[in-house]
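Report on the following structure.
The values are calculated or read from the model by the stated rules, or taken from the named source; none is laboratory data. Bear in mind that the values here come from a model prediction, so they are computed numbers and not experimental data. Cβ coordinates were reconstructed from backbone atoms using ideal geometry, including for glycine residues, and neighbour counts include every protein chain displayed. Side chains are part of the model used for accessible areas, which takes the heavy atoms of the whole protein and leaves out ligands, DNA and RNA. Shrake-Rupley method; radii C 1.70, N 1.55, O 1.52, S 1.80 Å.
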Amino acid sequence: MDGAELAVSAGFDLRGVSVRRITDRAETARWDLLMERHHYLGFRGLVGGGVRQVAEAPDGRWLALLGWHAGSFKVGARDRFIGWTREQQFRRLRLVANNTRFLVLPGVEVPNLASRVLGLALRRLSSDMEAQVGHPVLLAETFVDPTRYAGTCYLASNWRVLGKTRGFARVAGGSWREHGSPKTVLVRELSRGARAALRGAEDREEWGLSPKRAEPPGPDRLRSIYEFLCRVPEYRKARGIRHRLPTVLAIAVAAKLAGVRGVVAIGEFASRLTQPRLSAVSAFFSPSLKRYVAPSRSSIHRILTELDPEVVDRAVRGFVDQSRCPHDALAVDGKSADGELMRGRDKERTLVAAIEHESGLAIGQVASSTGGGEIRGARRLLREIDIEGRVVTLDALHAQRKTARLIVGRGGDFVMTVKGNQAALLDDVAAFDWDAGPVRASERVTLDKAHGRLETRRCRAIGLDRVSSEYVGMPHRRQAFRVERERKAPRTGKTTIETVFGVTSLGPERASASELLALNRGHWAIENRLHYVRDFTYDEDRNRVRAKSLRRNLASLANAAISIVRLDGRFPYMPQANRHFAARQGDAMSQVTRRLFPD
C-alpha cells in the first residue's frame, strides 16, 4: 500500500497509535520501498544490524516509519557529552542507536503524531535492538538538518541538543568530503544513568560485549601507506614514464624506515631490492631484461624535487588518520626546514606539524615562512585537521586571539603558554594572588629524577569565570595556570627555578591542576618525538638540500616512517627501529605494502 493512500482525519485519537518492529520479509521490502520513495534522503539500507519500526493506526494502517542502526563513529559533541575514552568508545559504540530515518507517510496529517510515535519507539528501542542484534542500547542519537526541520518532535520527546557537526560526510573508500551543511546533534538517554554507565570502568554482563567484536581494528585491517600513495596524482606527461609515483614514494618510505637520510642512500636502498619486493610496489618491468628494474638515484631525485609536497602530505595524513586517537591531545609547533648550516642563505621556511601526545603520530604538516608565517601556518593546519573534541597545546608564539577563536570554533579546546610576546596578557595572569586567588584554586605537585637532577613541578590553576573579560584578554579562557619548575643537581647542589604561566579554555570541571600540568608537559612530545628524531636520527639539522620541493618531501617521508614505527609498537626508539629495518629490507617493505617477504 502506498503512503499516498493513507489519509487520516483530524479527529484521530493518538492513544490508539502503536509501534512495532518489522520482522516479516515482505513488510521489510514494503518499508524499504516507502522510505526510498518518500524520504528526502532516499534509502539504501541500514548499516550493520539495524531495526525497522512502523507506527500503525488501530485498523493496521501504516502512519510513520523509523529506522535505527549503530551509532556514528565520529561525533565529537556526543563523545564529549558521554565523556568516554577511546577504548570505551570502540567497545561500547554498539550501545548507541542512531535514528537514521524518520518518515511520517504522505497523506498522514495528525497533530502531535511525530512526537507521539517517537516516544513510543524509544520505549521499546532497547528491547527491539536486543531482539534484532543480540544486545540492548543505552543512548539514542540523531542528526537534524536545520535548513529543513527544527527538530520539534525530538525536543518534545526530551531529546538533548549537543551542538552541530562539522559538515563532512564519509564517501566511498573511507575518505571524507565537506558538504557544507552541518547538522544539529541530539541525544536521548534510554534509561536512568545511561551516560554514566557508558563511561564507567566496568562492562556489564547484559551488554554482551565480546572482546573479539569490540576491539579496534588491527593493523592488518587498515589500509597500507602504499594504498594512500597510489592516490598521489601524476604530474608528468604519460609518454616516457617508466617508474610510477607510488613506486618511488613507497621505496623512499621503506628507505626512511631503514634510517636512510638522503637521495643517494635511497637510490642505494632501491638497488638492493629483490624482484618480489619490486613487484610488490609495481616497479617497472623491463621487456629486454625480463626483470623488474628499481628506480635510479637520478629518477628518485627528479621526482622528489618536482612533486608537489602538498599531495604527499595529504597521502601521509590519510594513512595516519586511520589510527589516530580522537581523544588524544594534540601538540602544534613549527620547525625550520633549513638546517643550521644553510640558515640565512635565502628565505627560511618553517614546517608546522601536529602530533598526538600519547601515540606520537604526526597528524598533519604544512609549510609557511618564518616569523608571523608560522602563526598563519598553524591556523591553516588547524583548519585542515580534525580537532573536534581534542585539546590543542601551543607554545607562547601561538598564544593569539585569532588562534583561540579558531580552535574553539572548530570544537576543540586550547592550552596556551603565555610569555613576553603577549605582555599585557602575561601581566594580567602574573598579577593574580596565586596564594589566595579570586576563587578557590587547585594545585598539583610532581617529582621526577632524570638527567642527573631532581625536578619538582608545582601547578596551580585558578578559574576565570568570575573575572572580567577585559582582564586576561584571551577569548574563551576559563582558567589560568602557573607551573613552577625547581631543578636541583644533587652533585653540585645548584638549584634553578623557572615559572611559566598559561591560559586554557578548559573549565575547572573539565581539567584540574593535575591534568593541566600533564597537558603542559605533554606538549614536549612534538619536540622529543618528532623534531628531535628528524634532527638527529634523520640529520635534518645539517640539511644542505636546496632543490625545490626536495627538503619538504623528505620531511614528509620521514613523518610517514616515524608514524609507521609508532603504530608498529615493537621499538621504543627510532634508531633501534632503523637498525632493524636496515638489516631486514623485507620487513621494511612489508610495513609499506603489508605483504611479507622472507629475508
In the chain, taking the dipole from +1 charges on Lys and Arg beta carbons and -1 charges on Asp and Glu beta carbons about the Cα centre, the listed residue (Ala97, Gly412, Gly493) farthest towards the positive end is Gly493
Checking rank on 573-581, 194-202, with mean other Cβ inside 10 Å and highest first, the result is 573-581, 194-202
Counting only protein heavy atoms with a 1.4 Å probe and every protein chain in place, the carbon and sulfur fraction of the accessible surface of the chain in whole percent equals 48
Rounded to whole Å², per residue accessible area for the chain with a 1.4 Å probe reads 47
With the dipole of the chain defined by +1 on each Lys or Arg Cβ and -1 on each Asp or Glu Cβ, the option from Ala582, Val472, Ile82 whose Cα lies farthest towards the positive pole is Ala582
Amide H neighbours of Lys183 at under 5 Å, excluding residues fewer than 5 places away on the same chain, with H built from the backbone geometry, are Thr165, Gly167
Going through Lys419/Lys548; Lys164/Lys419; Lys183/Lys402; Lys335/Lys488; Lys164/Lys335; Lys74/Lys335 one by one, the pairs whose alpha carbons sit over 27 Å apart turn out to be Lys419/Lys548; Lys164/Lys419; Lys335/Lys488; Lys164/Lys335; Lys74/Lys335
Charge dipole of the chain built from unit charges on the beta carbon (Lys, Arg +1; Asp, Glu -1), centred at mean Cα; most positive-end Cα among Gln422, Ala399, Ser286 is Ser286
The set of residues whose placed amide H lies less than 5 Å from the amide H of Val415, leaving out same-chain residues fewer than 5 positions away, is Val392, Thr393, Leu394
Put Lys183, Lys256, Lys494 in order of accessible area, largest first, probe 1.4 Å, and you get Lys494, Lys183, Lys256
Honestly the chain on the Cα gyration tensor test (a ≥ b ≥ c root eigenvalues; a/c under 1.5 rounded, otherwise a/b vs b/c for prolate or oblate) is just oblate
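Round to the nearest 0.05 the FRET efficiency obtained for Ser191 and Arg37 when R0 = 41 Å and r is the Cβ-Cβ distance.
That gives a FRET efficiency of 0.70.
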Largest-first ranking of Lys548, Lys419, Lys335, Lys237 by accessible area, probe 1.4 Å, whole protein assembly kept, is Lys237, Lys548, Lys419, Lys335
Under the helix-only model (-39500 (n - 2.57) for each DSSP H run of 4 or more, divided by the residues of the chain), the mean residue ellipticity at 222 nm, to 500 deg cm²/dmol, is -9500 deg cm²/dmol
Note, the stretch 504-514: 3J(HN,Hα) by Karplus (6.51, -1.76, 1.60, θ = phi - 60°), whole Hz, Gly/Pro = x, goes 8, 8, 7, x, x, 6, 10, 8, 7, 4, 4
Long-range amide H partners of Gly502, meaning residues 5 or more apart or on another chain whose placed amide H is closer than 5 Å, are Val418, Phe481
